[in-house]
Amino acid sequence: MGCETVTTMPEERSRRAEPPGPALVLKDVAHAYLGRTVLEYVTLSVWSGEVVALVGPSGCGKSTLLHIAADIVEPLRGSVERHYRRHGVVFQDPRLLPWATARDNIRYPLRFHRCSRSERRARTESAAARAELLPEDLDKYPVELSGGMRQRTAIARALTVEPDFIYFDEPFTGLDVALKRRMQDLVIESARSVRFAALFVTHDLMEAARVAHRIAVMDTDGRGIRGERVVPGEPGERSDADLFKIVSGFLNDDPLFRHVHDVDERRAI
Amino acid sequence: MYVLDRLGRIGRFVWSGWAGLAGLSLFAAIWQAGHEHYGSFILPAPLETLRTALDQLADPLSWEVAGITVLRAVEGFGLSALVGAIGGLLVGYSPAAIRLTRPVVTVLLGVPPIAWIVLAMIWFGSTDGTIVTTVVVATVPLIFVAAVEGVATRDRGLDDMARAFGAGPVARFWSLGMRHIAAYLFPSLTVGLGTAFKVAVMAELLANTGGIGGALAMARTNLDVPQALAWVLIAVAALICVEYGFVQPVRAELERWRDAARPWGVKR
């Protein structure tokens with residue numbers, strides 16, 4: 001981990017690019033909070049360079065699964081195999097340090113990697129540019145930024161570590177429709193140009209269909225993955241009409257998606 | 001850009017001194033009115049007091065007297081900062097320990113410092129130990145509670161974020177925990193320092209162990225009101241110097257981001 005591996009990156013990357021192996025394999029993962037089972041028998045894999053959307057009703061344990069995969073939470077049972085070099089995470093709440101400027105927030109993860117000063121600056125600049133942050137906003141504190149700019153900062157922060165895998169935990173739930181679309185486009189665009197794989201947790205089927213190659217549907221009670229569907233076409237190349245057709249097809253004719261919009265807010269965590 | 005920003009903030013800080021001066025002048029005016037109403041014996045004029053204080057400061061012996069008090073207060077404060085902060089940090093990370101120590105802290109805060117002076121006098125006699133003990137007992141709970149509060153209110157979301165980016169527990173503590181706790185600890189340290197000075201003077205007066213408190217006791221015996229007020233003035237002036245020369249600049253540095261949320265209006 002860290003900058004020192006950057007020099008070896010190109011050959012490593014080309015080696016892996018040939019046959020797309022799995023980037024993340026979750027096998028039989030189970031988890032419980034204070035004795036209450038929230039996840040059981042979850043098996044899921046993500047191929048390198050692939051964006052997988054994980055959908056399911058609120059409170060079904062999607063976020064917990066993501067936290068387990070991202071090494072924030074230890075699973076109770078089961079195994080997590082990570083075959084990527086480094087990951088970044090974008091949370092629902094941007095989780096920026098309130099006392100640091102946008103620039104310092106973006107380069108925060110680089111503290112944990114051995115990195116030269118100039119390297120750090122270069123990476124911060126390029127990540128900020130990729131997330132389309134304006135240079136004058138980099139010196140502002142999170143309180144001075146709008147919700148969309150904060151989420152852009154969080155995305156830039158995930159990109160500074162030059163990840164080949166990014167976890168998105170319902171990242172755009174709080175944003176309005178237009179902003180959400182722009183953010184999704186940002187994810188699609190950078191997934192293509194940086195070529196990272198991603199696990200994108202969302203409860204919005206339209207969002208899942210826009211950004212992902214494949215959609216995995218989680219069981220209502222967290223008892224495994226109910227099934228998966230490959231979304232036709234490449235992310236970013238599907239028109240709105242296509243997307244509408246895909247999503248309404250899923251919702252009306254596919255039994256897999258029957259419970260996706262069931263919400264029991266009394267049980268939601 | 002950075003230098004300009006820094007100069008601007010220093011300029012604003014110095015400029016805000018006028019407001020402080022205006023407040024102090026108002027206080028002096030009320031004091032003067034009291035003096036004119038009650039006469040010199042009860043309440044000497046502010047200018048007279050200032051003159052006495054300056055005369056005292058010209059005397060090297062007074063510096064020695066003040067030095068004794070400062071040394072005791074700082075000793076006690078340093079000890080309680082160390083004990084309070086470290087103890088608070090350790091306890092804060094364990095909910096069970098918080099529950100155990102909460103009643104103890106309530107008891108310690110509830111006992112008036114004057115009661116501790118009596119005990120300390122019995123234990124240590126008229127020595128530095130009495131003063132330092134009283135100061136420590138009076139300030140430790142303040143600092144301890146703030147440290148516990150700081151640890152208990154840390155943002156677990158940020159912690160998870162750092163963990164997701166590969167930060168170990170030590171790195172998380174230094175980059176997130178400490179920064180958050182400092183925002184709680186620092187104000188309590190300032191209050192603690194003020195309390196340390198006040199309690200030291202009080203303890204000196206009651207235990208008759210020299211220092212500013214001793215000088216005040218002498219002035220009381222001689223019914224020398226200007227002398228007594230001059231000593232109070234000196235003690236307060238010393239505190240103001242520490243407060244605005246050190247405490248406020250450090251706090252402003254820590255709280256810069258809060259200032260950013262107030263784009264216009266009164267900058268405090």
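The values are calculated or read from the model by the stated rules, or taken from the named source; none is laboratory data. Keep in mind that what you see is a predicted model, and the values were worked out from it rather than measured. No Cβ is skipped: glycine too gets one built from the backbone with ideal geometry, and neighbour counts run over all protein chains shown. These area figures cover heavy atoms from the full protein model, side chains too; ligands, DNA and RNA do not enter into them. Shrake-Rupley method; radii C 1.70, N 1.55, O 1.52, S 1.80 Å.
General observations
- Residues that are of a type outside the set (Val, Ile, Thr) and more than 7 Å from every other protein chain (Cβ to nearest Cβ) were ranked within the range B:152-162; the one that is surrounded by the most Cβ atoms within 10 Å (Cβ to Cβ) is B:Ala162.
- A:Glu125 vs. criteria within 14 Å of chain B (Cβ to nearest Cβ), open to solvent by 20 Å² or more (accessible area, probe 1.4 Å) and not hydroxyl-bearing (Ser, Thr, Tyr): no
- A:Arg117 being among the charged types (D, E, K, R) and either touching a Cys at 6+ places or on another chain (Cβ under 6 Å) or buried (at least 16 other Cβ atoms within 10 Å of the Cβ) (or both): no
- For the range B:163-175, a residue qualifies if it is in a helix (DSSP H, G or I), at the interface with chain A (Cβ under 8 Å from one of its Cβ atoms) and either open to solvent by 30 Å² or more (accessible area, probe 1.4 Å) or under 22 Å from A:Phe168 (Cβ atoms) (or both), and the qualifying residues are B:Arg163, B:Ala164, B:Ala171.
- Looking across the range A:63-85 at every residue that is at the interface with chain B (Cβ under 8 Å from one of its Cβ atoms) and in a loop (DSSP other than H, G, I, E, B), the one that is farthest from A:Gly148 (Cα to Cα) is identified as A:Asp71.
- Residues that are closer than 13 Å to A:Ala156 by Cβ and in a loop (DSSP other than H, G, I, E, B) were ranked within the range A:101-114; the one that is least open to solvent (accessible area, probe 1.4 Å) is A:Thr101.
- For the range A:165-174, the condition of being open to solvent by 40 Å² or more (accessible area, probe 1.4 Å), in a loop (DSSP other than H, G, I, E, B), farther than 26 Å from A:Leu26 by Cβ and not hydroxyl-bearing (Ser, Thr, Tyr) holds for at least one residue.
- Residue tally, condition away from chain B (no Cβ under 14 Å) and exposed (fewer than 15 other Cβ atoms within 10 Å of the Cβ), over the range A:133-151: 2
- Here the range A:71-92 is the region considered, the condition is being touching a residue at least 60 places away in the same chain (Cβ under 8 Å) and open to solvent by 10 Å² or more (accessible area, probe 1.4 Å), and the residue that is nearest to A:Thr173 (Cα to Cα) is A:Gln92.
- In the range B:48-84, the residue that is farthest from the chain's Cα centre (by Cα) out of those that are polar (S, T, N, Q) and within 21 Å of B:Leu142 (Cβ to Cβ) is B:Thr69.
- Scan of the range B:176-194 for residues that are within 15 Å of the chain's Cα centre (by Cα) and open to solvent by 30 Å² or more (accessible area, probe 1.4 Å), ordered by number: B:Tyr184, B:Phe186, B:Pro187, B:Leu189, B:Val191
- So A:Val201, is it open to solvent by less than 40 Å² (accessible area, probe 1.4 Å), in contact with a Phe, Trp or Tyr (Cβ under 7 Å, 6 or more places away or on another chain) and under 24 Å from A:Leu175 (Cα atoms): yes
- Among residues of the range B:238-263 that are within 14 Å of chain A (Cβ to nearest Cβ), those with a beta-carbon under 7 Å from a residue that is modelled with pLDDT under 80 and open to solvent by 50 Å² or more (accessible area, probe 1.4 Å) at least six positions away or on a different chain give the pairs B:Asp259/B:Lys267.
- Test: residue in the range A:90-104 that is away from chain B (no Cβ under 14 Å) and modelled with pLDDT of 90 or more: no
- Every residue from the range B:23-47 that is within 24 Å of the chain's Cα centre (by Cα) and open to solvent by less than 60 Å² (accessible area, probe 1.4 Å): B:Gly23, B:Ala28
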